[in-house]
Amino acid sequence: MTVAPIRPAVRETIASSRAVAPASRVRRAVLRSPVYLALAVAAVVSVLPFAWMVIASTHTTADLFATPLPVLPGGELWANLARLEESVQFGRVMLNSALIAVIYTVFSSIVSVMCGYGLATYRFRGRGVLLGIVLVTMMIPMQVLLVPLFQMMASAGWIDTYQAVILPFLANAFGIFLMRQAFLDFPVSLVEAARIDGADELRTFYRIVLPVARPQVAALIIYTFISQWNAFIWPLLMLNTESNYTVPVALNTMIGLSRVDYSGLMLGSLLATLPLMLLFLVFQRQFVTGLLGGAVKG
């Protein structure tokens with residue numbers, strides 16, 4: 001079998017395309033260079049506060065007000081850590097925040113996933129009205145709910161308890177809406193086939209429906225955990241004992257009327273940020289995929 005020779009015209013076309021390709025790549029790189037430059041500047045600006053927090057946590061408060069400002073880490077890290085533990089029992093409040101955030105995330109995610117599945121899959125009278133009510137609750141300011149919720153917790157005798165921090169906000173409107181969007185395009189025929197085969201509703205939900213929405217569930221878990229970890233106003237109202245404080249509440253107690261321990265405050269903020277950064281870095285792909293998947297569905 002012989003191979004036909006390449007015609008001169010075809011050979012010239014291939015040669016010209018190869019010559020144009022590097023030029024087009026250079027042109028695209030030049031056109032995109034302002035975008036890359038802007039992204040690089042934005043990245044540096046975003047990292048600077050965190051870098052300053054790392055530097056400030058290794059110096060004394062007096063060093064932070066010296067001239068010039070320190071630009072390299074110092075040697076006061078362990079002294080600041082010991083003072084932080086002595087002043088606010090930081091190890092204990094970190095465990096408190098982790099316990100509250102984990103319990104809240106587990107139960108709030110269960111409620112959001114099941115409510116979103118019900119609103120997306122089942123057809124019943126008033127479903128649109130119920131969804132509208134859920135969305136309207138997202139527009140109610142938190143400050144409006146503080147007084148009635150506080151009265152409810154006081155009448156139940158739950159002041160200074162963890163259940164008072166966790167239970168009032170288990171039904172998260174954003175989480176319900178996110179999971180509803182995730183389940184909208186799920187084929188109902190698969191659910192009906194599972195019912196014909198004898199599977200009950202819970203088994204159908206956990207074995208067939210839930211695995212399809214894993215990215216959205218991962219995004220929901222990350223969002224819920226971060227929001228509860230950073231919660232401040234409601235834990236501040238509910239928790240009165242120092243041993244029950246969460247991280248934001250404990251760090252707030254370090255701000256006095258006449259003196260503020262800025263180095264200890266920076267170290268506490270740094271340690272409180274590290275678990276969230278680790279969580280996001282581990283589940284970054286699922287978080288982005290889940291949010292985009294929930295945003296583009298009907």
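Some points to look at:
- Sparsely packed loop sites in the range 119-155 (the trypsin sites (Lys or Arg not before Pro) outside DSSP H, G, I, E and B with at most 12 other Cβ atoms within 10 Å) comprise R123, R125.
- Comparing I208, A79, S108 along the charge dipole axis of the chain, the residue lying farthest to the positive side is I208, per the Cβ-charge model.
- Taking amide hydrogens as placed 1.01 Å from N in the peptide plane, the amide H of G74 sits under 5 Å from those of T58, H59, each at least 5 positions away in sequence or on another chain.
- Helix-derived mean residue ellipticity, 222 nm - over the chain, DSSP H n ≥ 4, -39500 (n - 2.57), to 500: -23500 deg cm²/dmol
- The string of couplings for the range 89-97 from the Karplus curve (6.51, -1.76, 1.60, θ = phi - 60°) is 6, 5, x, 5, 6, 5, 5, 4, 5 Hz, one whole number per residue in order, with x for Gly and Pro.
- Packing, taken as the mean count of other beta carbons within 10 Å per residue, orders the peptides 217-225, 35-43, 266-274, 202-210 from highest to lowest as 217-225, 266-274, 202-210, 35-43.
- Where only alpha carbons of the chain are counted, the Rg and the Dmax (Å): 27.4, 93
- Annotation for the range 34-97 versus the range 108-170: alpha-carbon center distance of 36 Å.
- Of T105, T241, T253, the sequence from fewest to most neighbouring Cβ atoms within 10 angstrom is T241, T253, T105.
FYI, it's all coordinate maths here, none of it is from the lab. Predicted, not measured: the structure shown is a model, and the values here were computed from it. Cβ atoms come from the backbone with ideal geometry, glycine included; neighbour counts cover every protein chain shown.
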